[in-house]
Amino acid sequence: MKVLLVGSGGREHALAWKIKQSRHCTHLFCAPGNAGISKLATCVPIKADDIEELVKFAHDMRVELTVVGPEAPLAAGIVDRFQQEALPVFGPTRAAAQLEASKSFAKTIMRKKNVPTAQAKRVHDAESAIAALAEFKPPYVIKADGLAAGKGVTIAPTRQEAEQAIREAMVDRVFGEAGSLVLLEEFLDGEELSIFGLSDGRKVLPMVPAQDHKRIFDRDQGPNTGGMGAYSPVPQAPAGIIEETVRRVMCPVVEGMAEQGTPYKGVLYAGLVMTTEGIKVIEFNCRFGDPETQVVLPRLQEDLLLLMLECIGTGLRSDRLAFTDDAAVCVVASSGGYPGPYKNGYPITGLDEAEKGGALVFHAGTKASDGTVLTAGGRVLNVIGRGKDLAGAAGQAYAALDKLSFEGMHYRRDIASRALNREGGST
Ligand code: AMP
Ligand code: GLY
């Protein structure tokens, strides 16, 4: 089977690695891919959001399944367009992708289906938003409704900072149109957890949980990023959390989407907070998480390609997915300056050496040029260590990082430490 993967980051490298292991995959294309993905797939220079070119390519090459990595093409309706052309595609339709693309849409369905989530209020202009702050307690949570590349949320410790965030979103429109509708939300206190579920529109099969590290510096200091590392399993998650998430979150949402005539097929990513009152949903994403995918897929003992085909075709057959008991830790190496301005084009050394101890190196922002690999993004490499426990996996990842270098390279030294400190090093 010929497969086309859409996207170019670390998540897509992990997806390419996993899809390539399927005996049903005869050829893998990736649009546009990166230097690492080009070792596994034929990379084609089509941007992930150039839907018409992707349709044309899929027809020309007789692609039998297209897998969409990032949210932007999903929210723009790539799946609807491929379906019109009778081209098989894995991912939710534009209507179903609203679960991620509109926070207010997600809130409405959660309310309807009684899914535990933060109390929220929708506001349409800055004046009523500022007045509505009186209904909330600090820290204030202010969210732009639409897609804002993960930057649309402000946690404001004081009323004054909250008012400023409202003005930036709604008057200055720093997130563009995403700021025409804003949600004020109750602050949820607790550790975050990501759980992905594969959905065929009716049934959901959950994957193992992972925890992301959003801040740029150790001990969760500095600004938010796209994710600086992840690990799985998450030993501090209470027993039964996967079943609870399926029963209280994923099944009701998938049922609700089917009831309103927009069945959800694809990966449903539940971003949860483990509060003292149990799990609560912070957000949904309509795709695999980055960098959580980089630690979840190495543990998956299933043919992902077949599962994706079942989701969009005959329906999911089994009742559970098999995972190894091993641990995986992903450390992201980023460009100096990220998430602020940074430079591209620095050569990366040690790539072959880094994988010799068993670690996996997935590329995020890289580009091949005359036999060398150059930095080409804020997040550059994802180094994944695997082991019997998190301590072993982290040790393998950090040993591999010692071999890698590029000008300005930065990475956190404390990935998985929350779990390791609590567990005394074992899982
Ligand atoms: P989102 O774009 O909704 O995923 O939010 C980005 C990040 O903001 C989340 O991963 C949380 O760290 C934080 N956040 C969002 N909503 C809340 C909330 N209600 N309470 C606490 N933290 C939140
Ligand atoms: N890891 C967060 C995300 O993928 O949105």
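Look at (1) assigned to a strand (DSSP E or B); (2) more than 16 Å from ligand 2 (Cβ to nearest atom); (3) under 22 Å from ALA16 (Cβ atoms) and you find that LEU268 fails only one, number (2).
Looking only at residues of segment 168-208 that are part of a helix (DSSP H, G or I) and surrounded by 15 or more Cβ atoms within 10 Å (Cβ to Cβ), we find that the one that is nearest to ligand 2 (Cβ to nearest atom) is ALA178. Among residues of segment 272-287 being closer than 25 Å to VAL329 by Cβ and open to solvent by 10 Å² or more (accessible area, probe 1.4 Å), the one that is farthest from ligand 2 (Cβ to nearest atom) is MET274.
Any residue at all in segment 364-373 that's polar (S, T, N, Q), touching a residue at least 12 places away in the same chain (Cβ under 8 Å), out of contact with any helix residue (DSSP H, G or I) (no Cβ under 9 Å at 6 or more places or on another chain) and open to solvent by 40 Å² or more (accessible area, probe 1.4 Å)? Looking through segment 364-373, at least one residue is polar (S, T, N, Q), touching a residue at least 12 places away in the same chain (Cβ under 8 Å), out of contact with any helix residue (DSSP H, G or I) (no Cβ under 9 Å at 6 or more places or on another chain) and open to solvent by 40 Å² or more (accessible area, probe 1.4 Å).
Return the only residue of GLU302, GLU255 being outside any strand (DSSP E or B), under 23 Å from PRO233 (Cα atoms) and open to solvent by 30 Å² or more (accessible area, probe 1.4 Å).
GLU302
When ALA72 is tested against (1) open to solvent by 10 Å² or more (accessible area, probe 1.4 Å); (2) touching a Pro at 6+ places or on another chain (Cβ under 9 Å); (3) not in a loop (DSSP other than H, G, I, E, B), only condition (2) is not met. Just one of the listed residues (LEU360, LEU309, LEU316, LEU321) is surrounded by 16 or more Cβ atoms within 10 Å (Cβ to Cβ) and under 22 Å from MET228 (Cα atoms), namely LEU360.
When MET170 is tested against (1) among the hydrophobic types (A, V, I, L, M, F, W, C); (2) modelled with pLDDT of 90 or more; (3) touching a His at 6+ places or on another chain (Cβ under 9 Å), exactly one condition is not met: (2).
Taken across segment 393-404, residues that are assigned to a strand (DSSP E or B), touching a residue at least 12 places away in the same chain (Cβ under 8 Å) and open to solvent by less than 30 Å² (accessible area, probe 1.4 Å) do not occur at all.
Applying the criterion of being in contact with a Pro (Cβ under 7 Å, 6 or more places away or on another chain) and open to solvent by less than 40 Å² (accessible area, probe 1.4 Å) to the residues of segment 328-356, the residue that is farthest from VAL208 (Cα to Cα) is VAL332.
Restricted to segment 135-167, and to residues there that are assigned to a strand (DSSP E or B) and either within 16 Å of ALA101 (Cβ to Cβ) or modelled with pLDDT of 90 or more (or both), the residue that is most open to solvent (accessible area, probe 1.4 Å) is ILE155. Taking (1) surrounded by 21 or more Cβ atoms within 10 Å (Cβ to Cβ); (2) in a strand (DSSP E or B) in turn, VAL249 satisfies each apart from (2).
Can you tell me which residue among GLU310, GLU283 is outside any loop (DSSP other than H, G, I, E, B) and more than 20 Å from the chain's Cα centre (by Cα)? Spell out the reasoning first.
Values: GLU283 fails: more than 20 Å from the chain's Cα centre (by Cα).
After applying the criteria, what remains is GLU310.
Take the conditions (1) within 16 Å of ligand 1 (Cβ to nearest atom); (2) more than 17 Å from LEU15 (Cα to Cα); (3) small (Gly, Ala, Ser); GLY289 misses just one of them, which is (2). All of (1) crowded, with 17+ Cβ neighbours inside 10 Å; (2) within 16 Å of ligand 2 (Cβ to nearest atom); (3) modelled with pLDDT under 95 hold for LYS107 with one exception: (2). For segment 209-226, filtered to residues that are open to solvent by less than 30 Å² (accessible area, probe 1.4 Å) and modelled with pLDDT of 95 or more, the residue that is nearest to ligand 2 (Cβ to nearest atom) is ASP212.
If you scan segment 1-48, which residues turn out to be among the aromatic types (Phe, Trp, Tyr) and without any contact (Cβ under 8 Å) to a residue 40 or more places away in the chain? PHE29, the sole residue that qualifies.
Of the residues making up segment 114-127, not a single one is open to solvent by less than 80 Å² (accessible area, probe 1.4 Å), in contact with a strand residue (DSSP E or B) (Cβ under 6 Å, 6 or more places away or on another chain) and within 16 Å of ligand 2 (Cβ to nearest atom).
The values are calculated or read from the model by the stated rules, or taken from the named source; none is laboratory data. Values in this document were obtained by computation on a predicted structure and should not be read as measured data. We place every Cβ from the backbone using ideal geometry, glycine too, and count neighbours over all the protein chains shown. The accessibility values were calculated without ligands, DNA or RNA, using every heavy atom of the protein model including side chains. Shrake-Rupley method; radii C 1.70, N 1.55, O 1.52, S 1.80 Å.
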